[in-house]
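Here, each number is a calculation from the coordinates, and none is a lab measurement. What you see is a predicted model; the values in this text were computed from it and never measured. Methodologically, a virtual Cβ is constructed for each residue, glycine included, from the backbone with ideal geometry; neighbour enumeration extends over all protein chains shown.
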Amino acid sequence: MIKTEHILDVKGLACPMPIVRTRKAMNDLLAGDVLEVLATDKGSTADIKAWAASSGHAYLGTETEQDVLHHFLKKDSANVIVKQEIPVVQLDTFMKKLEQESSLEIIDVREVEEYNEAHIPGAIHIALGEIETRMNELNKSKDLYLICQTGRRSGIAGIQLRENGFKKLYNVVPGMTEWTKQTKKGN
């Protein structure tokens, strides 16, 4: 296990709170300091890894001890350039658009457990941690609507896709937390 003096306990919190608290804790650290984040949210591994990449901090890895994930991040010493976010589509606007146009390309970037619990019928599942390796499955010329639980992970996925030549991207906010239409369970 990596030794660190800075520990953030976010056990019991779900997305987006582990990232929100991690961001705040990183702001209070000095360049080069290592932060250990204790989490129980299974989706936090992909979230923290992607957030670190998009914020300029170093993701050092994750170790699991019983049901607790120990994430390790090193604060970057360089001035971090904030990457431009993708356009946001409010959930109610997205639902109306989906009623009018049922063939929308919806990419659900939540973890497999979340997706199997309930997802939008016809949504393509590519977990945030798989975006880089599976983006070749997506059509760069189509409008892509990215969705997660709250909009945080889908925003990060959008940044990764934009950096790889995707231009027609939309982040559906607030995401599945307020989805009221029909859902599908399983694959």
Per the 1/(1 + (r/R0)^6) rule, R0 = 25 Å and r from the Cβ atoms of residue 143 and residue 85, FRET efficiency to 0.05 is 0.90
Nearest-0.05 FRET efficiency for residue 183 and residue 133 at R0 = 22 Å, using Cβ-Cβ distance, is 0.25
Full extension between residue 20 and residue 60 adds, at 0.36 nm per residue less the Cα distance, a length in nm of 12.5 nm
Listing 64, 183 by rising number of other beta-carbon atoms within 10 angstrom, fewest first, gives 64, 183
Of all GluC sites (Glu not before Pro) in the stretch 68-168, the ones in DSSP coil with at most 10 other Cβ atoms within 10 Å are 101
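Filter 11/49; 24/142; 96/185; 96/168; 11/75 down to the pairs with a C-alpha to C-alpha distance above 25 Å, please.
Beyond 25 Å between Cα atoms: 24/142.
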Placing one equal point scatterer on each C-alpha of the stretch 6-74 and summing with Debye, one gets log10 I(q)/I(0) at q = 0.12 Å⁻¹ equal to -0.24
For the chain, the longest principal axis of the Cα atoms and the Cα long axis of helix 91-100 enclose an angle in degrees, to the nearest 10, of 30 degrees
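Might you report the magnitude of the Cβ-based charge dipole of the stretch 59-178 about its Cα centre, with Lys and Arg at +1 and Asp and Glu at -1, to the nearest 20 debye?
680 debye
List the relative contact order of the stretch 6-74 as a percent without decimals, with contacts defined as Cα pairs under 8 Å and 6+ residues apart.
35 percent
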Taking the chain and counting helices only, DSSP H stretches of n ≥ 4 at -39,500 (n - 2.57) each over all residues, the nearest-500 ellipticity at 222 nm comes to -8000 deg cm²/dmol
Using the Cα gyration tensor of the stretch 88-178, the equivalent ellipsoid's semi-axes, largest first and to the nearest Å, work out to 18, 15, 12
To the nearest 20 debye, the stretch 1-136 has a Cα-centred charge dipole, built from +1 on Lys and Arg Cβ and -1 on Asp and Glu Cβ, of 420 debye
Correct semi-axes for the chain, from √(5λ) of the alpha-carbon gyration tensor and rounded to whole Å with the largest first, are 30, 18, 14
